[in-house]
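Below is one structure, written out as structure tokens; comments come after it.
The values are calculated or read from the model by the stated rules, or taken from the named source; none is laboratory data. Predicted model, so just to flag it, every value in this text is computed and none were measured. Cβ atoms come from the backbone with ideal geometry, glycine included; neighbour counts cover every protein chain shown. Surface accessibility is based on the protein's heavy atoms, side chains included, excluding ligands, DNA and RNA. Shrake-Rupley method; radii C 1.70, N 1.55, O 1.52, S 1.80 Å.
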Amino acid sequence: MKKLGVLILCISLFVSCKNDNKSNEIIYQDDDLTLLKGEFVYYDGAAVLQTSTEIYGVFLTDKLEELNKQAEAFKNHKTDMVTIEIRGKVSQEKDEKILWENKVEILKIISVKPANNQNEGLIKLGS
């Protein structure tokens, strides 16, 4: 009986987490540019954009540096994520540094906002 309860709890958690971020997605794609909205983090020379359906490695460009400067205003810690909306060029070409299958080059920054604070009350270990 306990196993059934644990199984039901796991399934309900999976379903609720899966439907959590419906607003973070690809909004449209045209002219080889894609409008993406999701959670962004840039730390220690690596940048990642996570939408509700995909994870993108972000190419290190001047636009990325500009985005990171805007994002700093919303971060409490260097590893905090922010919600962004950008237009960029998506590719799946191999890259020596970015090992994610999907990659994006940021061409236009549309918005930068604080992330939904889902980790409020989370205890971080280390410094």
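Tabulated data for the structure shown
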| item | result |
| --- | --- |
| Fraction of accessible area attributable to carbon and sulfur, region 28-74 (%, probe 1.4 Å) | 45 percent |
| Net dipole in debye of region 72-112 [+1 Lys, Arg Cβ; -1 Asp, Glu Cβ; about Cα centre; nearest 20] | 100 debye |
